[in-house]
Amino acid sequence: MRKIIVGAFISLDGVMQAPGGPEEDPIGGFEFGGWVAPLFDEKMGAFIGELFSRPFDLLLGRKTYDIFAAHWPYAAKDDPIGPLFDRINKYVATRNPAFKTTWQNSHVLGADAIAAVKALKSEDGPDLLTQGSTEFLKALFENDLVDEIHVSVFPVILGKGKRLFGDASFPRALTLIESRTSDSGVVMNKYARAGDVATGSFEFETPTAAELERRRNLT
């Protein structure tokens, strides 16, 4: 069985839109495209390199696929990422039934992308790694399909933009596998799924009259 691993760059307030450049994804009037570049350093490069060092296939939403397909096939032969992305399988989620891929080893997931992902996940093979793909990620989180999250949190607040999590994400506890900090202040964390969300209480065993009144006022 294959794992689904989410790889994401996010701001402190959870935005992951257009990390790579000003023209990457200006949809919605997003003004800060390229916010990752000034803070990307050697330790961050090592963290990403480790993620790409194990066998994987890419699992992408259509907009991220288009961004990648217009860039990585044209990278230099000695680029550490371009040739790697070129030769692996790329699975694309799209609502457009007429969508045609332009990049070798690319496969459209079809009309029911979630069913196709479940089928891929059940097979033997390399892990399925996401990059970007905010809308597709929401569906993966809502259907409880994500096994690990490798997230780099940048010390910036962007205010608005596409975010990693939506309101309908499946509730899930996580275990922190590893955490590092880059010289530029980026916190790089790896999480794995860890069962159901546990809850507890710091309340008094016997609620005070004021607390009981507060609860009544909530309704």
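Scanning region 152-180 for residues that are touching a Lys or Arg at 6+ places or on another chain (Cβ under 8 Å) and within 13 Å of PHE47 (Cβ to Cβ) yields ILE177, GLU178, SER179, ARG180.
Which residues, taken from region 116-138, are assigned to a helix (DSSP H, G or I) and either open to solvent by 30 Å² or more (accessible area, probe 1.4 Å) or among the hydroxyl-bearing types (Ser, Thr, Tyr) (or both)? Selection gives LYS118, ALA119, SER122, THR134, GLU135, LYS138. Right, ASP112: open to solvent by 30 Å² or more (accessible area, probe 1.4 Å), charged (D, E, K, R), free of Cβ contacts under 8 Å to residues at least 12 places away in the same chain and within 20 Å of MET16 (Cβ to Cβ) or not? Judged against the criteria, ASP112 is not a match. Restricting the first member to region 195-211 and to residues that are closer than 29 Å to ARG172 by Cβ, and the second to residues that are open to solvent by less than 80 Å² (accessible area, probe 1.4 Å) and not hydroxyl-bearing (Ser, Thr, Tyr), the beta-carbon pairs closer than 8 Å and six or more apart or on different chains are GLY195/ARG172; GLY195/ALA173; ASP196/ARG172; ASP196/ALA173; VAL197/ARG172; VAL197/ALA173; ALA198/ALA173; GLU203/GLU211. Is it the case that some residue within region 46-54 is part of a loop (DSSP other than H, G, I, E, B), among the charged types (D, E, K, R) and more than 22 Å from HIS150 (Cα to Cα)? No, there is no match, as no residue in region 46-54 is part of a loop (DSSP other than H, G, I, E, B), among the charged types (D, E, K, R) and more than 22 Å from HIS150 (Cα to Cα). Only one residue in ALA75, ALA46 is open to solvent by 20 Å² or more (accessible area, probe 1.4 Å), touching a helix residue (DSSP H, G or I) at 6+ places or on another chain (Cβ under 6 Å) and free of Cβ contacts under 8 Å to residues at least 24 places away in the same chain, so which one is that? So the residue among ALA75, ALA46 that is open to solvent by 20 Å² or more (accessible area, probe 1.4 Å), touching a helix residue (DSSP H, G or I) at 6+ places or on another chain (Cβ under 6 Å) and free of Cβ contacts under 8 Å to residues at least 24 places away in the same chain is ALA75. Applying the criterion of being free of Cβ contacts under 8 Å to residues at least 40 places away in the same chain and part of a helix (DSSP H, G or I) to the residues of region 28-37, the residue that is surrounded by the fewest Cβ atoms within 10 Å (Cβ to Cβ) is GLY29. Which ones in region 139-172 are farther than 20 Å from GLY20 by Cα, in contact with a strand residue (DSSP E or B) (Cβ under 9 Å, 6 or more places away or on another chain) and either charged (D, E, K, R) or not in a helix (DSSP H, G or I) (or both)? Residues satisfying the conditions are ASP144, LEU145, VAL146, ASP147, GLU148, ARG172. Of all residues in region 100-115, those being within 24 Å of PHE141 (Cβ to Cβ), of a type outside the set (A, V, I, L, M) and either in a loop (DSSP other than H, G, I, E, B) or modelled with pLDDT under 95 (or both) number 2.
Of all residues in region 6-22, none are free of Cβ contacts under 8 Å to residues at least 40 places away in the same chain and of a type in the set (D, E, K, R). Within region 59-70, being hydrophobic (A, V, I, L, M, F, W, C) and farther than 15 Å from GLU148 by Cβ holds for LEU60, ILE67, PHE68, ALA69, ALA70.
The values are calculated or read from the model by the stated rules, or taken from the named source; none is laboratory data. Small disclaimer: the values here were computed from a predicted structure and weren't measured. Cβ atoms come from the backbone with ideal geometry, glycine included; neighbour counts cover every protein chain shown. Ligands, DNA and RNA are excluded from the accessible area calculation, which covers all protein heavy atoms including side chains. Shrake-Rupley method; radii C 1.70, N 1.55, O 1.52, S 1.80 Å.
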